[in-house]
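Undergrad: To start, I am sharing the structure in question, which I have written as structure tokens.
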Amino acid sequence: MTTITADVAVAPRHSFQEVWVISLGHALTHWYPATFYLLLPLIGKELGLSYSEIGSVLTCQYLAGAIANIPGGIFVDTVGRKGLLMAASLFWIGFPYLIMGFSHAYWMILCCATLVGIGNNLWHPSAIPWLANRFPQRKGLVMSIHGMGGNVGDAVAPLVVGALLGFMSWRNVVVVNVVPGVLLAAVALFYLGRRQNGEDVASADAAPKISAAERLRMFGALLKNRALITLAAGSAFRTMTQGALLTFLPLYLAREMAYPPLWIGACMFALQAGGFVAAPIAGHLSDRVGRRQIILSSMAMSAVVIFLMLFAGGTGWFVMFVSVLGFFLFAVRAVLQAWLLDATPPAMGGSAIGLLFASQAFGQAVGPVSAGVVADHYGLMGAFYFLAATIVIANFLVFVTPAGLMKRD
């Protein structure tokens, strides 16, 4: 019996309520950034910010998140109190937005955005390894449900905040908006913290303590893990595809197909809805037939659909392919996370997730600007050729990922 099999065989059963609580928390970590997209134009208008200054606010947020991912993951593994850290992350994300509501200075907005970027990236290294360790036999499914929570936050937040802005100022909306985060932070602190104290702290006390030097050595070993590195690189190219698609699809629908904003919003919703439906299906199947098979088939179908979109440009078929693309492109995010944790020692789960999200942040930052350069030279449809190329590269990297798992000791 392998180490992994032995771990799975003796793993105790945990309440699935934990999955719903953590997934709801994940929804809020996406809720706040999603509402900020609606608030930022109003903030910029009131403070008299230029377009570059408005853009720099988001740049600070993404850059801080990218830089914080890896040290944040190591910090999570060192502290170990993931329930406490999830609660801290929720509070850390919501509180800077509250400060923005009372700020009248551009530099304060930048500082708050930086804090949001750091706090938001403390969530994933805490939540994802928690779920993986407590539900080892259903890892793909619980990762998918957790990912669906983020999709719900992205989809619902603009609708709610848009309605609130109809009769409240943006400053009042920010104050009201922070309440759910504070309440859920309290729930996470008491509910998850109590469960970890009752079940995990005793075993943690029995385990040998890991020194800072030893943890850095273990992180160095992670960087030599071929499976982890190729998965992180493949995920970066997949995120590059995703980021460029979300940037240039609305532009294509507006400029080339002359769609009104309502129809553009409907198409973007269809893209996200496809992924929402596909995520639990892909996660469950990955637990049954294996991560590699699901990821390769989904990413291969993403490439096929993008190529079909190239030939369907300007027709109704293009819109249909958009929703189909979402089904395959967004289905594999949670499966990639599960596969990465399969190849990672449990004590380094947070560090591995931090490395994964750092690579994804890099892809998200590089994708839109690279596709923009291509579009400037070869037309807007050239951006979709760029998408096809990046998803093919992602497929290749997943294909060469070693099938065997790293020994988890």
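The values are calculated or read from the model by the stated rules, or taken from the named source; none is laboratory data. Note that this is a predicted model, so its numbers are computed, not measured. Neighbour counts run over all protein chains shown; Cβ positions are idealised from the backbone, glycine included. SASA here: full protein model, heavy atoms, side chains in, ligands and nucleic acids out. Shrake-Rupley method; radii C 1.70, N 1.55, O 1.52, S 1.80 Å.
Undergrad: In vacuo Debye scattering of the range 219-263, one point per C-alpha: log10 I(q)/I(0) at q = 0.15, 0.23, 0.24, 0.33 Å⁻¹?
TA: -0.54, -0.78, -0.81, -1.02
Undergrad: Which value in deg cm²/dmol, rounded to the nearest 500, describes the helix-derived mean residue ellipticity at 222 nm for the chain, given -39,500 (n - 2.57) per DSSP H run of n ≥ 4 and division by the residue count?
TA: Rounded to the nearest 500, it is -28500 deg cm²/dmol.
Undergrad: Quickly work out the L246-to-M168 label distance, labels modelled 7 Å from Cα along the C-beta direction, and quote it in nm with one decimal.
TA: Here the answer is 2.4 nm between the modelled labels.
Undergrad: Continuing with the same structure: What FRET efficiency, computed as 1/(1 + (r/R0)^6) with R0 = 30 Å and r the Cβ-Cβ distance, is obtained for K224 and L296, rounded to the nearest 0.05?
TA: Efficiency computed from Cβ-Cβ geometry: 0.80.
Undergrad: Quick check for the chain: number of Lys pairs with alpha-carbon distance under 23 Å, counting only pairs 8 or more apart or on different chains?
TA: Counting lysine pairs in the chain gives 5.
Undergrad: In square angstrom, what is the accessible area per residue of the range 292-409 with a 1.4 angstrom probe?
TA: On a per-residue basis, the range 292-409 sits at 39 Å².
Undergrad: Moving on. Find which of V76, L49, M240 sits farthest along the positive direction of the dipole of the chain, computed with +1 on the beta-carbon of Lys and Arg, -1 on that of Asp and Glu, about the Cα centre.
TA: Working it through, the farthest residue towards the positive pole turns out to be V76.
Undergrad: How long, wide and thick is the chain, going by the Cα atoms along their three principal axes, in whole angstroms, largest first?
TA: Reported extents, whole Å, longest axis first: 62, 49, 35.
Undergrad: Tell me which of L308, L231, A88 sits at the most positive position along the dipole axis of the chain, charges placed on C-beta atoms (Lys, Arg +1; Asp, Glu -1).
TA: L231
Undergrad: Which of V319, A343, V21 sits farthest toward the positive end of the charge dipole of the chain, with +1 on the Cβ of Lys and Arg and -1 on the Cβ of Asp and Glu?
TA: Final value for the positive-end residue is A343.
Undergrad: Over the chain, what percent of the accessible surface lies on carbon and sulfur atoms, probe 1.4 Å? Intermediate values should be presented prior to the final figure.
TA: On the way: 12770 of 17810 Å².
Carbon-and-sulfur percentage of accessible area, whole number: 72.
Undergrad: For a quick check, take a GNM of the chain with Cα springs below 10 Å and name the residue from G265, G350, G94 with the largest mean-square fluctuation.
TA: With Cα springs under 10 Å in the chain, the top fluctuation among G265, G350, G94 is at G265.
Undergrad: For the range 141-184 and the range 28-95, what is the centre-to-centre distance using only Cα atoms, to the nearest Å?
TA: After rounding, the separation between the Cα centres reads 14 Å.
Undergrad: Oh, and also: Please report the orientation-averaged projected area of the range 82-172, defined via the convex hull of its C-alpha atoms, in nm².
TA: Mean orientational projected area (the range 82-172, Cα hull): 6.7 nm².
Undergrad: Separate question: Taking the Cα centre of the chain as origin and charging only Cβ (+1 Lys, Arg; -1 Asp, Glu), how large is the dipole, in debye to the nearest 20?
TA: 680 debye
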